[in-house]
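J.: So that we are looking at the same thing, I have put the structure below in structure tokens.
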Amino acid sequence: MGIDIGEESLNVMLAELLAERGLKALGEVILKKKGRRPEPDVLIELNGVRIIIEGKKPGMWNVLVKQCEERLDNGVCDLCVMVEYVDIRLEKLRPDQLDIKNALLKGKFNVGFMSYIDRVMLSHADKMGLGKWISGIPKPEKYVGISFDELLAHLMSAYTKVVSEDVIDPVIKRINEVLDEFATGVSTIVDIGRLKEVLELREKEEPDEQ
């Protein structure tokens, strides 16, 4: 990364760039800088949808995932953006804001997105005892080594999904899929005769012929 710049400063600057360079095309953008832990460094409100950027240096992906889960579970945001700053080159010993912005525009990032929809789906599954069967939900897709423009495009796509997604139907659909998969798997390993015996199920006896 060259010159060491705090993650908080990078997060705030990245949020400003996203607001300036593309999010405004989707509607009204409000940028709220917090800067106190455990509050997020920055909260973007886009047409009422709350977006938090959690950014860290490379090797901290699992920490980012956990932080985003906590933000969403606590109702702090609707969409959480995970960012690893993998290649941000700052050459000046004392870079100003413009230098940091230019470095971010030319930088490379590992990025992922997690929404309240993801957390709702997992919560419903857990309540039904199916959480361990739906292992794919809590693991967001990770986009590796992408540019700023690609990050922006992915964020706009994630935002569009959040505002247009029906929360309940995907939950029901996924749970039904898991139940079908479970039933299919069980049918191949269970001795139906033994199961009937255990459950005290017997074939209906035919009446004796006189």
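Computed from the coordinates by the stated procedures, all read-outs in this text should not be read as laboratory data. Fair warning: this is a prediction, and the values are worked out from it, not measured in the lab. Heads up, the Cβs are rebuilt from the backbone with ideal geometry, glycines too, and the neighbour counts pull from every protein chain shown.
J.: With labels modelled as points extended 7 Å from the Cα through the Cβ direction, what inter-label distance (nm, one decimal) is found for Glu28 paired with Asn47?
T.: 1.3 nm
J.: What does the net charge come to around Lys24 if you take all other residues with beta carbon closer than 15 Å to its beta carbon, with K and R at +1 and D and E at -1?
T.: Computed value for this residue: -3.
J.: Mind ranking 104-110, 10-16 by how tightly packed they are, going by the mean number of other C-beta atoms within 10 angstrom, highest first?
T.: 10-16, 104-110
J.: Using modelled backbone amide H atoms (1.01 Å from N, in-plane), which distant-in-sequence or interchain residues come within less than 5 Å of Arg50's amide H?
T.: Asp78, Leu79
J.: Separate question: Set the Förster radius R0 to 22 Å, insert the Cβ-Cβ distance between Lys106 and Met156 as r into 1/(1 + (r/R0)^6), and round the FRET efficiency to 0.05.
T.: 0.65
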